Amino acid sequence: GMVIKNGAKMSKSMGNVVSPDDMVARYGADATRLYTLFAAPPDRDLDWQDQGVEGVYRFLSRLYRFITENPVRSTPGESRDYEVADLTPDARKVLRKLHQTIQRITGDFQGRWHFNTSVAAMMELLNACMVKPELFALNSIAPNGFRSEVQRNLVLLLNPFAPYLAAELWTILGEEPD
């Protein structure tokens, strides 16, 4: 689709273009990239809105804080240290949401190419995690393996969409960069 701004197709001759350099300088490459993927599916017109980039930037900032305020560093070869049946109902809801998000994003990558729904799914997953922040606090009653699994998978899901932030978060979680 076309990129539309203020009701008209963006074009240099009309002088209504948004400079990617300005957006990258203000919000970063990952936020700018994520907004273009989130705003509309590739087969539809994208109505460019600066507030949309700001919203995506806020999402990435929340995700960054979620990981960095209570990172669970995993050890290579570490096995799951919990049974799903032993988790609290709130933790099971988060784990279910994680698996639904993985399934949804996998489906989007297997042919639909509607990455806006993938980004929305990650936003929903982060919201589910933030509803019960005590699950992810350092003194949490939730097992470290559960917390690590959610954080690691969230970063892995983010990687194709916001690779620079994902690489930084991956390192914070104690993983080796590829």
| Does at least one position in segment 66-74 carry a residue that is more than 23 Å from residue 29 (Cβ to Cβ), polar (S, T, N, Q) and surrounded by fewer than 19 Cβ atoms within 10 Å (Cβ to Cβ)? | yes
| said: Any residue that is surrounded by 16 or more Cβ atoms within 10 Å (Cβ to Cβ) and modelled with pLDDT under 85 - is there at least one of those in segment 13-24? | reply: yes
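Let's see how each residue does on (1) of a type outside the set (Val, Ile, Thr); (2) touching a strand residue (DSSP E or B) at 6+ places or on another chain (Cβ under 8 Å); (3) open to solvent by less than 70 Å² (accessible area, probe 1.4 Å); (4) more than 18 Å from residue 172 (Cβ to Cβ):
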position: 95; (1), (2), (3), (4): yes, no, yes, yes
position: 108; (1), (2), (3), (4): yes, no, yes, yes
position: 111; (1), (2), (3), (4): yes, no, yes, yes
position: 114; (1), (2), (3), (4): yes, no, yes, yes
position: 117; (1), (2), (3), (4): no, no, yes, yes
position: 129; (1), (2), (3), (4): yes, no, yes, no
position: 141; (1), (2), (3), (4): no, no, no, yes
position: 144; (1), (2), (3), (4): yes, no, no, no
position: 150; (1), (2), (3), (4): no, no, yes, no
| query | Counting only residues that are more than 15 Å from residue 157 (Cβ to Cβ) and part of a helix (DSSP H, G or I), which one in segment 103-132 is modelled with the highest pLDDT? | reply | 130
| query | For segment 139-166, how many residues are touching a helix residue (DSSP H, G or I) at 6+ places or on another chain (Cβ under 9 Å) and over 21 Å from residue 99 (Cβ atoms)? | reply | 5
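Looking at segment 169-177, is at least one residue in contact with a helix residue (DSSP H, G or I) (Cβ under 7 Å, 6 or more places away or on another chain), under 19 Å from residue 96 (Cα atoms) and open to solvent by 20 Å² or more (accessible area, probe 1.4 Å)? Walk me through how you get there before you give the answer.
Step one: of segment 169-177, the residues in contact with a helix residue (DSSP H, G or I) (Cβ under 7 Å, 6 or more places away or on another chain) are 169-170, 172-173, 177.
Okay, now just the ones that are also under 19 Å from residue 96 (Cα atoms), so none.
Within segment 169-177, not a single residue is in contact with a helix residue (DSSP H, G or I) (Cβ under 7 Å, 6 or more places away or on another chain), under 19 Å from residue 96 (Cα atoms) and open to solvent by 20 Å² or more (accessible area, probe 1.4 Å).
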| request: Select from segment 133-165 the residues that are under 26 Å from residue 92 (Cβ atoms), among the aliphatic types (A, V, I, L, M) and in a helix (DSSP H, G or I) and list them in ascending order. | output: 135, 150, 154, 155, 156, 157, 158
| request: Scan segment 119-170 for residues that are under 16 Å from the mean Cα position of the chain (by Cα) and β-branched (Val, Ile, Thr) and jot them down. | output: 119, 150, 155
| query | Taking segment 29-57 as the region of interest, how many residues are part of a helix (DSSP H, G or I), open to solvent by less than 20 Å² (accessible area, probe 1.4 Å) and aliphatic (A, V, I, L, M)? | reply | 4
| query | Which one is nearest to residue 169 (Cα to Cα) among residues in segment 61-93 that are at pLDDT below 95 and among the basic types (Lys, Arg)? | reply | 73
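The values are calculated or read from the model by the stated rules, or taken from the named source; none is laboratory data. The model shown is predicted, which means the values in this text are computed figures rather than measured ones. A quick note on method: Cβ atoms are made from the backbone with ideal geometry, for glycine too, and the neighbour counts reach across all protein chains shown. Each accessible area value is taken on the protein alone, full model and side chains, heavy atoms only, with ligands, DNA and RNA left out. Shrake-Rupley method; radii C 1.70, N 1.55, O 1.52, S 1.80 Å.
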